[in-house]
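The next block holds one structure in the form of structure tokens; read it before the comments.
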Amino acid sequence: MALQSSVPAQYIAVVTALASTCLLLGGAIGIAVTGTIFNNLIASKTLTAGKLQLTVGMIQKAGYSADTSEVMGLLELMKIAAEKYPQYASTIADARIELVVAFNDSFKIAYLSMLAYPIILLVLALFVKQINPSGSDRSHSAMPLLVE
């Protein structure tokens, strides 16, 4: 709305399309960057988790495809492994905790890393020049005004 009121009437469509495009591209890039940060963090955090790596190895030896980057699928496989091998239930429970902690930490850091962008935009918004939309020139409107 602010962009539309700050340009001459003939450019309103262009400004609206440009603003929508920037919004969509920003969202797509934000998701891609956040996903990359999350995936790299989860990979590095689970690499050093000893009981988790032991459990993943055990699940893989049983013939299942297990990977620490697929958190939800791995949690389900751990549940199946704990039922199938009750003697390892304690180790699997500890591995589950390691996986959940790594997931939560990675998600939190990925989310917080994106916090810088809205803060920058907030600071920049303080320097935006205010324009009175009622005083703008609308004489070149794309649609003619109806006069009664």
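Overview of results
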read-out: SER69 being at pLDDT 90 or above and more than 30 Å from GLN130 (Cα to Cα); value: no
read-out: Filtered residues of region 72-91 (kept if in a helix (DSSP H, G or I), among the hydroxyl-bearing types (Ser, Thr, Tyr) and without any contact (Cβ under 8 Å) to a residue 40 or more places away in the chain); value: TYR88, SER90
read-out: Matching residues in region 52-71 - criterion: being in contact with a Lys or Arg (Cβ under 9 Å, 6 or more places away or on another chain) and touching a residue at least 40 places away in the same chain (Cβ under 8 Å); value: LEU52, THR55
read-out: Some residue of region 123-136 being under 33 Å from the mean Cα position of the chain (by Cα), surrounded by 10 or more Cβ atoms within 10 Å (Cβ to Cβ), of a type in the set (Val, Ile, Thr) and modelled with pLDDT of 85 or more; value: no
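The values are calculated or read from the model by the stated rules, or taken from the named source; none is laboratory data. Keep in mind the model is a prediction, meaning the values are calculated, not measured. Note that we place each Cβ from the backbone using ideal geometry, even for glycine, and neighbour counts take in every protein chain shown.
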